[in-house]
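So the structure is just underneath, and the comments pick up after that.
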Amino acid sequence: MTDVRGYDSPTREARLPNRPHPQPRRSRLGIALGLSSAALAAAALINAYRARKVEREHPPRGRFISVDGVRLHYLERGEGSPVVFIHGNVVDSRDWVLSGVFDRTAAHHRVIAFDRPGFGHSERPHGSLWTAAHQATLLRHAFRALGIERPVVVGHSWGALVALELALNHPEAVSGLVVLSGYYDVTIRYDVPLVAVSAVPGVGDLLRYTVSPVLGAALLPMNIKAMFAPQPVPSQFKRDFPYGFPVRPWQIRAESQDAVTMMPAAIDMHQRFRDLRLPVFIVAGTKDRVVGHESHANWLHNQIPGSRLRLINGAGHMVHYVCPQQVADGIDQVAQSGHPTEYVATDDGVVNYP
């Protein structure tokens, strides 16, 4: 008898149709990682291209100077005693132009507005967190290079920290301060953890070139609206502000580092404000939703002997857009007489404290 398992009878395996062998899990994981890497690389290229494109659309309008290996962009206009403007986070030197303060002040002074490192068209080299003190030292060296002698320094928001560091660490370089809407006392900032990750080397670099520009662009209109609230965003700002600048990967790094180092800067200066012996004019809006005036402007006024405080009723964080002429007048007064003119309550709702 012929054995049914003999060679003339096909085996079960031979009778079954051919099936592909299951793909090893490791191989599928490799494909997924490869596709993810390709997607991230593509996103990085697209975001870098968009960043360069917006820079071409908004070319620098000022001049450049290299200081301590850092290429700084600055605007300059006017003649007379010098006034230096330092902008806050998100924006750059053009913020002073769009608000109207720059041109008003240039009518009587030599005015210089710097793009802080990493903002506008200025560089921010790697290897440093670029704290307020570090930026103040860089600007001090820029003053020497540009022949700026003992200017009145005007700082808004984060720029107010740099202005204060200049006065504390380089008192010979500053004749007076005008600080607007600044963060001065040590209070908790709940927004810091949200942006801190973008400042971390490695992980932050990956996010800044891939995910962060997309999320930043989506959230930017809301953030700017909050900056100006309760006032609407001015039409000139809407028209002329380069909305693509704050979401460039390199400026996201600068913004994140500034947010992370803001509280340490306030801690470092906390006990030193009383040492200031130069004219300090403090301006804040009573409806500032970014930095509360009672915890910061009022507090700083009580810390600095002889300082002057002007509160603008109903104004938000971008107070210099609400009262550009009053800010320019305060700068004039600091430059001419050492202190702003003493005021009391006025018809326009401004409240001033001696």
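The values are calculated or read from the model by the stated rules, or taken from the named source; none is laboratory data. Note that this is a predicted model, so its numbers are computed, not measured. For neighbour counting, all protein chains shown are included, and Cβ atoms are generated from backbone atoms with ideal geometry for every residue, glycine included.
Taking each residue of the stretch 223-243 that is closer than 15 Å to G314 by Cα and looking for partners that are of a type in the set (A, V, I, L, M, F, W, C) and part of a helix (DSSP H, G or I) with beta-carbon atoms closer than 7 Å, six or more apart or interchain, yields Q231/V322; V233/I224.
Among residues of the stretch 182-200 that are touching a residue at least 12 places away in the same chain (Cβ under 8 Å), those with a Cβ under 9 angstrom from a residue that is in a loop (DSSP other than H, G, I, E, B) and of a type in the set (G, A, S), sequence gap 6+ or separate chain, pair up as G182/G88; G182/S157; Y183/S157; Y184/S295; D185/S295; T187/G292; T187/S295. I'm checking my understanding of the structure. Among residues of the stretch 108-131 that are farther than 29 Å from R52 by Cβ and touching a residue at least 40 places away in the same chain (Cβ under 8 Å), which one is surrounded by the fewest Cβ atoms within 10 Å (Cβ to Cβ)? Among those residues, the one meeting the criterion is H108. Does L164 qualify as being buried (at least 24 other Cβ atoms within 10 Å of the Cβ) and at pLDDT 95 or above? So L164 fits the description; yes. For the stretch 160-180, the tally of residues that are out of contact with any helix residue (DSSP H, G or I) (no Cβ under 7 Å at 6 or more places or on another chain) and either of a type in the set (S, T, Y) or over 17 Å from F273 (Cβ atoms) (or both) stands at 2. Highlighted here are the helices (runs of 4 or more DSSP H) found entirely within the stretch 39-150 that include at least 3 residues which are under 21 Å from the mean Cα position of the chain (by Cα) and within 24 Å of Q326 (Cα to Cα): 94-99. Which condition number in (1) at pLDDT 95 or above; (2) closer than 18 Å to A226 by Cα; (3) out of contact with any Leu (no Cβ under 9 Å at 6 or more places or on another chain) is the one that R289 fails? Going through the list (1) at pLDDT 95 or above; (2) closer than 18 Å to A226 by Cα; (3) out of contact with any Leu (no Cβ under 9 Å at 6 or more places or on another chain), R289 breaks only (1).
The residue that is farthest from V153 (Cα to Cα), counting only those in the stretch 41-89 that are loosely packed, with under 13 Cβ neighbours inside 10 Å and basic (K, R), is K53. Kindly check whether there is at least one residue in the stretch 176-198 that is crowded, with 19+ Cβ neighbours inside 10 Å, under 26 Å from E79 (Cα atoms) and of a type outside the set (A, V, I, L, M). Scanning the stretch 176-198 turns up at least one residue that is crowded, with 19+ Cβ neighbours inside 10 Å, under 26 Å from E79 (Cα atoms) and of a type outside the set (A, V, I, L, M). If you scan the stretch 286-298, which residues turn out to be surrounded by 18 or more Cβ atoms within 10 Å (Cβ to Cβ) and either over 19 Å from H320 (Cα atoms) or acidic (D, E) (or both)? Hit for the stretch 286-298 is D288, nothing else. Taken over the stretch 90-105, the criterion of being over 17 Å from F245 (Cβ atoms) and surrounded by fewer than 24 Cβ atoms within 10 Å (Cβ to Cβ) is satisfied by G100, D103, R104. Would you mind stating whether S157 is hydroxyl-bearing (S, T, Y), surrounded by fewer than 24 Cβ atoms within 10 Å (Cβ to Cβ) and modelled with pLDDT of 95 or more? The answer is no for S157.
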